[in-house]
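The values are calculated or read from the model by the stated rules, or taken from the named source; none is laboratory data. For clarity, every value in this text was computed on a predicted model and none was experimentally measured. With ideal geometry, Cβ positions are generated from the backbone for all residues, glycine too; neighbour counts draw on all protein chains shown.
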Amino acid sequence: MKDVVIIGSGVAGLGLALELSELRPDVKILILSKGQADAGSTALAQGGMAVPVDESDLESHFNDTMRAGRGENNLETVRKFLEALPHAISNLELRGMKFDKLNGIYDRHHEGGHEIPRVLHCKDSTGKHLHQVLLNACREKSNIQIAEHQMAFRLRRHDAIWKIKVIDLKEDVTRSYTTKNLVLASGGIGALFSNTTNDAMSTGDVLVMAMELGIQLKDMDSLQFHPTALKIPHPIGRLPLLTEALRGKGATLLNSNGQRFMYRYDERAELSTRDIISKAIWDEMKSDHLNSVYLDARSINDVSEHFPEVEKMLNEYGFHLKDDLIPVIPAAHYLCGGIPANLSGHTDIQDLYAIGECACTGLHGRNRLASNSLTEAFVMALNTAQSLASSIEVVNLVDETEHQVLPLSHPNETDLKKIDTLRLLLSQQLYQMFSQDKVEIAPEFAFGSLSLDFINELIHEGYLSRSIIELRNLILIGQQIERAFEEYDESHGVSDVSQSAEL
Ligand SMILES: Cc1cc2nc3c(=O)[nH]c(=O)nc-3n(C[C@H](O)[C@H](O)[C@H](O)COP(=O)(O)OP(=O)(O)OC[C@H]3O[C@@H](n4cnc5c(N)ncnc54)[C@H](O)[C@@H]3O)c2cc1C
């Protein structure tokens, strides 16, 4: 049995493990990862980490965060978060993170919703560097173990011990892990949608497990769409992203007539917040009967040098930043809602913590300010490490049930095909719930309950697989989103232009 099990190996999970292993070298930590350790959103992050320029910029960063969140952010959380940032950044730099500098001064990018440039970055692959720094350091610690391809799907607590049931995706068996302290750090839900920027691992498994423990998820309709994902004719998996920093450097959005349209929606135009831009793009697409708009970065000097990873990715699809208009579409990107927790990861259940994107601290309100999430996840990781370090009693118990391994029983071909078809249909409906103006689409989602009967029957008959669990999660999370839409029906996700523009 471990002292701490962390589900997730992104910035939140790795950051916590690393800090805790140093504060308490006697504590045994296990990190479970659904895929390889670098799968998930962290390594995909391009833009960077927003940090106030100096003390005098605190108020402005605060105001930008609140305005993006439509004023529905938790004020105390926003203040505490901003105050924690300088320490978090120096912690990362001491660990080897090297943000780009010009003449010894941070080269800060400008992103949507920010009054001034304040985003620290490593060219356009900040997340990759961040993940490598944390993962390499974790691998050097003798008290941290990382178990890859372990998909958690059920949590139980008995006699103050957590039991985590997983599907071992490599060995095709189920197994269990036990721990005194459990940390959920499993990222977002984007991969449930037909258009997403998220990795295939991001299917909200842990949110459903939290619901089964009686936790009520918060603000599930506050899902952010990134306005500029590359529109690919027949996508398999996630859509590649064109970082917001491109618009910060002057890239514009054009409709089918080659006209800029963002000024009609918000005075900040292409530097408005993501909710407003995504909604504007959907409106333009609808009125033009088009399936994308265009990003024009041709006027940016040395654009390929500033954005080498984006250029490389586009070249694979036959585009060049310097020469081409790039077709873009909004894609499911970031969950502002999730498991209610404070900035130290505490949930309402004892010895259960939630950190990073799966947690909802209220920092982002209805809509996250660009590049405020890698920092939130890392601040939470540091705080939670402090909290656990001061409270953990090392147990040194051996749990025999950890060695029980059971082979999986997969559904037949016909049922597998039905699972795939249902997943596609429901994913498309989930995307439409946000891209349509109204919640009118939602009643159609009711057929989700028929699908749930089918899934429950398979599980009841003893069948289990990743695809069964992910379809079940899609249905249950879809229903939560639908409910949240109804309860807050004027919000329609994070895309109500009229409300946001007034704040
Ligand atoms: C393309 C892209 C670009 C982005 N750019 C930026 C940016 O520039 N700045 C910014 O601040 N934010 C950005 N974000 C958001 C940011 O990257 C994420 O919010 C952040 O990385 C989340 O970190 P995390 O540790 O909570 O989760 P993740 O990094 O997503 O990690 C989740 C982990 O949980 C594991 N997991 C999931 N389910 C299970 C399960 N059932 N069992 C076991 N393990 C599981 C996964 O395998 C993974 O290891 C971007 C996101 C994307 C998708």
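Points to keep in mind about this one:
- Number of residues in region 313-352 that are without any contact (Cβ under 8 Å) to a residue 12 or more places away in the chain and either closer than 23 Å to Phe193 by Cβ or touching a Cys at 6+ places or on another chain (Cβ under 6 Å) (or both): the value is 1.
- When the test is whether a residue is touching a helix residue (DSSP H, G or I) at 6+ places or on another chain (Cβ under 7 Å), in the same structural domain as Val394 (by TED's automatic domain parsing) and charged (D, E, K, R), Lys141 passes it.
- Lys123 under 21 Å from Leu44 (Cβ atoms) and at pLDDT below 95: yes
Table: residues versus (1) within 27 Å of Pro308 (Cβ to Cβ); (2) outside any helix (DSSP H, G or I); (3) within 12 Å of the ligand (Cβ to nearest atom).
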residue	(1), (2), (3)
Ile89	yes, no, no
Phe99	yes, yes, no
Pro117	yes, yes, no
Leu135	yes, no, yes
Ser142	no, yes, no
Gln145	no, yes, no
Leu155	no, yes, yes
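- Flag if Ile281 is outside the structural domain of Asp124 (by TED's automatic domain parsing), touching a strand residue (DSSP E or B) at 6+ places or on another chain (Cβ under 6 Å), at pLDDT 95 or above and assigned to a helix (DSSP H, G or I): yes
- Wholly within region 285-396, strands (runs of 3 or more DSSP E) carrying at least 1 residues that are under 29 Å from Ala88 (Cα atoms) and touching a helix residue (DSSP H, G or I) at 6+ places or on another chain (Cβ under 9 Å): 325-335, 352-354
- Test for Ala12: is it within 30 Å of Asn396 (Cα to Cα) and part of a helix (DSSP H, G or I): yes
- Every pair of residues 6+ apart whose Cβ atoms lie under 6 Å, when the first sits in region 26-39 and is in a loop (DSSP other than H, G, I, E, B) while the second is basic (Lys, Arg) and surrounded by 19 or more Cβ atoms within 10 Å (Cβ to Cβ): Lys28/Lys2
- Top-ranked residue of region 397-431 - restricted to ones that are in a loop (DSSP other than H, G, I, E, B) and within 21 Å of Leu471 (Cβ to Cβ), ranked as farthest from the chain's Cα centre (by Cα): Asn412
- Residues being within 25 Å of Ala191 (Cβ to Cβ) and not aliphatic (A, V, I, L, M) - total across region 1-53: 16
- Considering Asp100, Asp38, the condition of being farther than 19 Å from Glu357 by Cβ and not aromatic (Phe, Trp, Tyr) is satisfied by Asp100 alone.
- Checked against the criteria, Arg79 does not count as touching a residue at least 12 places away in the same chain (Cβ under 8 Å), away from the ligand (no atom under 16 Å from the Cβ) and in contact with a Ser or Thr (Cβ under 7 Å, 6 or more places away or on another chain).
- Leu85 being under 20 Å from Phe62 (Cα atoms) and either under 20 Å from the mean Cα position of the chain (by Cα) or outside the structural domain of Asp57 (by TED's automatic domain parsing) (or both): yes
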